[in-house]
Amino acid sequence: MLVVSMFCGTAGVAQATEGAGGLYLLGSQALGAGLAPAPGWYVSSAMAQYSGRVGSASVGGVTLLYLKKRVDSAGVNLLYAPKTHILGAQAAISVTLPYAYLRLTGETTGRIEGVHSVSNTSLGDAAITGRLGWKVNDAFSNAVSLTLWSPTGDYSKGFSASIGHNRWACDMLWAMTYISPRSHLEFSAALGYGINGTNPLTHYRSGDEAHLELAVGKRFSPHWVAGLAGYAYRQVTADSGIGDRLGSLKGRVFGAGPAVNYSTRLGGHGIAVGARYYREFGAVDHFHGNVVILSTTIRL
């Protein structure tokens, strides 16, 4: 079975880090999170839409009293899984190139005091992911992965709709999937920890982040899996640096909603499609809103 949830490099949604935006896409790991791809080449595309609002935020060195955000992102991911195992695991390496439309509306202070809106469409920060996956038995699989983002996206200092984040970042992840052979119920989970570098233009160091994603679903046939998915996010260390003007903000948020995966074969190629919707709640120093994720993976 193809692993739709392996594609997680699109533009992130939001937290109390600089720009109130992160690089890891919350909710990208759901049903099938712990499964490993069969050897071969895969091409994935994913679209994500996020709209939400947060209180005070810092964008490009500008402090805002509130900030609204709308992101429409798309990305292409190329993944290769070799036949040779590493440490008894199925290895995989992938590269993701995102592209997004971003609109920000916020009330600024200082020299440009007032309500302003900015928008932009451009490339985001490229990501490379290495992954090792183990199939323990027919019921249980798990995997570890490391994703590194490079500051290749469009970025401008000041209150601007920068698609890029102008900082290096990485995320370490462990994921698992258990499929009951009797009831065909699936339980998946992913636990990750992200580390952000310093933005050299604003001298802002975003804090470290932890995220937990859970999903439970029912396999109705070899092709369909449907259920519920959710996530919990918490910033575990405070932002810092001389560009941090908002103090020790540590954002947190929760999200939940339906999820469905479909897989089939067409013209000798495996195809997997995934869709999920999350509504966020319990936000503190963090955007809260709605996110929709659609993804398609083709095994070449």
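The values are calculated or read from the model by the stated rules, or taken from the named source; none is laboratory data. Keep in mind that what you see is a predicted model, and the values were worked out from it rather than measured. Cβ sites come from the backbone with ideal geometry, for glycine too, and all protein chains shown count toward neighbours.
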Check: Do you know which residues across the stretch 251-272 are buried (at least 16 other Cβ atoms within 10 Å of the Cβ), out of contact with any His (no Cβ under 7 Å at 6 or more places or on another chain) and of a type outside the set (Gly, Ala, Ser)?
Finding: 254, 260, 261
Notebook entry, point to check: Quick one: which of 12, 19, 75, 52 is in a strand (DSSP E or B), modelled with pLDDT under 95 and closer than 22 Å to residue 204 by Cβ?
Noted result: 52
Notebook entry, point to check: Which one is modelled with the lowest pLDDT among residues in the stretch 237-262 that are more than 22 Å from the chain's Cα centre (by Cα) and on the phi < 0 side of the Ramachandran plot?
Noted result: 244
Item checked: strands (runs of 3 or more DSSP E) contained entirely in the stretch 101-170, each with at least 1 residues that are out of contact with any strand residue (DSSP E or B) (no Cβ under 8 Å at 6 or more places or on another chain), in contact (Cβ under 8 Å) with a residue 24 or more places away in the chain and not polar (S, T, N, Q) -> none
Item checked: Filtered residue count, the stretch 155-185, keeping only those that are surrounded by fewer than 22 Cβ atoms within 10 Å (Cβ to Cβ) and touching a Leu at 6+ places or on another chain (Cβ under 6 Å) -> 4
Note to self: Of the conditions (1) assigned to a loop (DSSP other than H, G, I, E, B); (2) more than 30 Å from residue 91 (Cβ to Cβ); (3) not charged (D, E, K, R), residue 181 satisfies every one except a single condition; which number is it?
What the structure shows: (2)
Check: So, in the stretch 186-202, of the ones that are more than 17 Å from residue 137 (Cβ to Cβ) and either of a type in the set (Ser, Thr, Tyr) or in contact with a Ser or Thr (Cβ under 6 Å, 6 or more places away or on another chain) (or both), which residue ends up surrounded by the most Cβ atoms within 10 Å (Cβ to Cβ)?
Finding: 196
Margin query: Consider the stretch 185-232. How many of its residues are part of a strand (DSSP E or B), touching a residue at least 60 places away in the same chain (Cβ under 8 Å), of a type outside the set (S, T, N, Q) and closer than 22 Å to residue 169 by Cβ?
Written below: 8
Item checked: Of the criteria (1) closer than 24 Å to residue 108 by Cβ; (2) of a type outside the set (Asp, Glu); (3) out of contact with any strand residue (DSSP E or B) (no Cβ under 9 Å at 6 or more places or on another chain), which one residue 235 fails -> (3)
Item checked: Tally, over the stretch 208-229, of residues that are crowded, with 19+ Cβ neighbours inside 10 Å and under 18 Å from the mean Cα position of the chain (by Cα) -> 5
Checklist line | Of the criteria (1) closer than 30 Å to residue 159 by Cβ; (2) at pLDDT 70 or above; (3) in a loop (DSSP other than H, G, I, E, B), which one residue 33 fails | finding: (1)
Note to self: I'd like to know if the stretch 265-284 contains one or more residues that are touching a residue at least 40 places away in the same chain (Cβ under 8 Å), small (Gly, Ala, Ser), outside any loop (DSSP other than H, G, I, E, B) and in contact with a helix residue (DSSP H, G or I) (Cβ under 7 Å, 6 or more places away or on another chain).
What the structure shows: yes
Next item on the list: Spot the failing condition for residue 273; the list is (1) modelled with pLDDT of 95 or more; (2) among the β-branched types (Val, Ile, Thr); (3) more than 19 Å from the chain's Cα centre (by Cα), and only one is missed.
Entry: (3)
Checklist line | Out of 234, 205, sole residue that is buried (at least 20 other Cβ atoms within 10 Å of the Cβ) and either touching a His at 6+ places or on another chain (Cβ under 7 Å) or at pLDDT below 95 (or both) | finding: 205
Notebook entry, point to check: Hey, any hits in the stretch 83-93 for a residue that's at pLDDT 90 or above, surrounded by fewer than 16 Cβ atoms within 10 Å (Cβ to Cβ) and either touching a His at 6+ places or on another chain (Cβ under 6 Å) or in a strand (DSSP E or B) (or both)?
Noted result: yes
